[in-house]
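Comments concern the structure below.
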Amino acid sequence: MTWLITGGAGYIGAHVVRAMTAAGERAVVYDDLSTGVPERVPGGVPLVVGSTLDGERLARVLAEHSVTGVVHLAAKKQVGESVEQPLRYYRENIEGLRVLLDAVTAAQVASLVFSSSAAVYGMPDVALVTEETPCLPISPYGETKLAGEWLVRATGRATGLSTACLRYFNVAGAASPELADTGVFNLVPMVFEKLTEGAPPRVFGDDYPTPDGTCVRDYIHVVDLAEAHVAAARVLSASPGRELTLNIGRGEGVSVREMIDRITAVTGYDLPPTVAPRRPGDPARVVASADRAAAELGWKARHDVQDMIASAWEGWVRLHPEAARS
Ligand SMILES: NC(=O)c1ccc[n+]([C@@H]2O[C@H](COP(=O)([O-])OP(=O)(O)OC[C@H]3O[C@@H](n4cnc5c(N)ncnc54)[C@H](O)[C@@H]3O)[C@@H](O)[C@H]2O)c1
């Protein structure tokens, strides 16, 4: 099969491309390079520079490469930015998806895997988030992911397209230093940045109803996440008309304080964190039930938080050599 990987020059997409090609699938990357970098696309994998808003171009690429499946990762992903620029997020994430689905169904592509997010759940008040937990997103970003799932499922039901919506929890780590996330939008790189500046990392709120008072999250290694895409692609290819909606996490909660302790141990920086007020919209605990993904895909995460931090740190030091301690 040939898979079009939209957003394949991005952080997660670059890992998905490698996992798919390592599994023997052909891949073509489609990316507007708004945040992606061409160097992340491996040699031998065609890179087409274009936007998901450009239906004619998409139709040409699907036909020219005889694409049989699509993994759709191309999107804007910053929660705060989505609050400031909701129309841009709806255009890129929803209109971009609608245009893509139009081209995909016209070309009779068989399968589509969609990058969704734990952000669809908003502020879940449960110990383990299952796929049945109500979806009540609290940001325009989360709304675009939920509405994206609706579009994907409705299109699948109407046309027979096999679909999988994968709700990623907190993604971290890298397969190799050059594939590390270059953005500073989540906990691990935010702590790296502070430590490298010689400043203490910040904990936002230590009075949550959790064992150590700090927020608890479910971290997933990007290599495991990429493997989940391969497993989903395999299941969809084998069963036309299939519809999957799955959490992709480890089912294990780690607190902000525990993460900072582990980061301190890996990096050799020992700056005790300072406590800042809670941030609005931060739920106390968001941890996936990973049971459905295990049952439907035969997939399970293999890497732990230590692997995530160590590999992310190698990537950080590559970009910031002055951060290395020894
Ligand atoms: N990183 C996370 O923690 C996380 C968590 C949950 C979900 N996701 C989702 O995973 C996907 C990939 O995220 P990432 O972390 O790799 O982000 P990223 O910014 O590194 O990758 C996104 C890629 O899509 C491309 N792109 C953006 N808009 C496009 C458009 N309209 N047309 C064509 N290409 C476009 C960018 O150039 C980039 O290469 C996104 O859909 C994101 O919402 C990410």
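Readers should treat all values here as calculations from the given coordinates under stated rules, not as data from a laboratory. All figures in this text were calculated on a predicted structure; none of them were measured in a lab. Counting neighbours? That spans all protein chains shown, and the Cβs are built from the backbone with ideal geometry, glycine included.
Points to keep in mind about this one:
- 20 Å-binned pair-distance histogram of the chain (Cα, whole percent): 33, 59, 9
- Electrostatic dipole magnitude of the chain [Cβ: Lys, Arg +1; Asp, Glu -1; Cα centre; debye, to 20]: 480
- Taking other C-beta atoms within 10 Å as the exposure proxy, ASP54, ASP261, ASP181 rank ASP261, ASP54, ASP181 from fewest upward.
- Using the rule -39500 (n - 2.57) for each DSSP H run of four or more residues, divided by the residues of the chain, the 222 nm mean residue ellipticity is -11500 deg cm²/dmol.
- Ranking of LYS77, LYS145, LYS194, LYS300 by neighbouring Cβ atoms within 10 Å, starting from the fewest: LYS300, LYS194, LYS77, LYS145.
- Taking a sphere under 12 Å around the Cβ of ILE309 and counting the other residues whose Cβ falls inside, with K and R at +1 and D and E at -1, yields a net charge of -4.
- Most mobile listed residue (GLU197, GLU95, GLU149) in the chain, GNM with C-alpha springs under 10 Å: GLU197
- DSSP beta bridge pairing in the chain, given as percent antiparallel to the nearest 5: 5
- Net charge of neighbours whose Cβ lies under 13 Å from the Cβ of TYR89, counting Lys and Arg as +1 and Asp and Glu as -1: 0
- Excluding same-chain neighbours fewer than eight residues apart, the lysines reachable from LYS77 by a Cα-Cα span under 19 Å are LYS145.
- Helix 96-106 axis versus longest C-alpha principal axis of the chain: approximately 30°, rounded to the nearest ten.
- About its Cα centre, segment 198-326 has a charge dipole of approximately 240 debye under the convention of +1 per Lys or Arg Cβ and -1 per Asp or Glu Cβ, with nothing else charged.
- Segment 163-188-segment 198-232 distance, computed between alpha-carbon centres (Å): 11
- About its Cα centre, the dipole of segment 133-276 is roughly 640 debye, where the only charges are +1 on Lys and Arg Cβ and -1 on Asp and Glu Cβ.
- Extreme residue, positive dipole direction of the chain, given options PHE185, HIS72, ALA172 (C-beta unit charges): HIS72
- Ranking of SER239, SER255 by neighbouring Cβ atoms within 10 Å, starting from the fewest: SER239, SER255.
- Rel. contact order, % - alpha carbon contacts under 8 angstrom, at least six apart, segment 199-318: 42
- Net charge, PHE169 excluded, C-beta distance under 9 Å - Lys, Arg +1, Asp, Glu -1: +2
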